[in-house]
Amino acid sequence: MHNTNFQDDFMLDSEHSKELFAYYGLAVYYGQALEQQLVNLILLTKMSQGKVVTEEELEELYERKMSSSLGQLIHEARHHFTFSEEETSSLNELWQQRNRIVHHYFKERIHETFSPEGRTRMIKELHDFKERAQELELILQQYISAWIAALGLKDESAAAWAALERMHAARFQERGPDEES
């Protein structure tokens, strides 16, 4: 009987740990989704300025921007696009929090993973980050959609943008969501 209790306690801890890691994954995913929307915003800016027209130019710029850090993307996007004060504040806060999550989270919080209370606090923090990043990512997505409609991209630019979307979707399918960087 005593073994059964130990196994039950271990399963509860194990399931709770899985939940923590799932929220960690969601937080990282939405941080990357935010990066993707910033890249899209930068690409669209370049296209609207006539600096990128062909599919090849767009693909080259896309590759360069996808290797940029979130901080670099935020700074460049702010240079070309005017965000509200609240959006700017959110971008900066999410950038700092994303860096802590990706680079230091478990190193700084390892002791909290050993208790249900600690894991619960971590899950809440990761959930809150995910919600805020997802909300801002959707706002950026709406800006991009509205901007595309307002610009009435020329045929060649519109074709380049469509090709870029197909390329991104194909890469995601080839690599799978677990390999997305």
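The values are calculated or read from the model by the stated rules, or taken from the named source; none is laboratory data. Quick caveat: nothing in here was measured; it's all calculated off a predicted structure. Glycine gets a Cβ as well: all are built from the backbone with ideal geometry, and neighbour counts include every protein chain shown. We work out accessible area using only protein heavy atoms, side chains counted, and drop any ligands, DNA or RNA first. Shrake-Rupley method; radii C 1.70, N 1.55, O 1.52, S 1.80 Å.
Of note:
- Of all lysines in the structure, the ones whose alpha carbon falls short of 16 Å from that of Lys65, not counting any fewer than 8 places away in one chain, are Lys46, Lys51.
- Per residue, the accessible area of region 16-168 comes to 54 Å² when a 1.4 Å probe rolls over the protein heavy atoms.
- Per-residue SASA entry for Ile74, accessible area with 1.4 Å probe, Å² rounded to 10: 0
- Potential extension, Thr88-Thr54 segment - 0.36 nm per residue separation minus Cα distance: 9.1 nm
- Between His75 and Ala149, the distance separating the two model label sites (each 7 Å from Cα on the Cα→Cβ line) works out to 3.4 nm.
- Partner lysines for Lys124 [C-alpha distance under 29 Å; skip if fewer than 8 residues away on the same chain]: Lys18, Lys107
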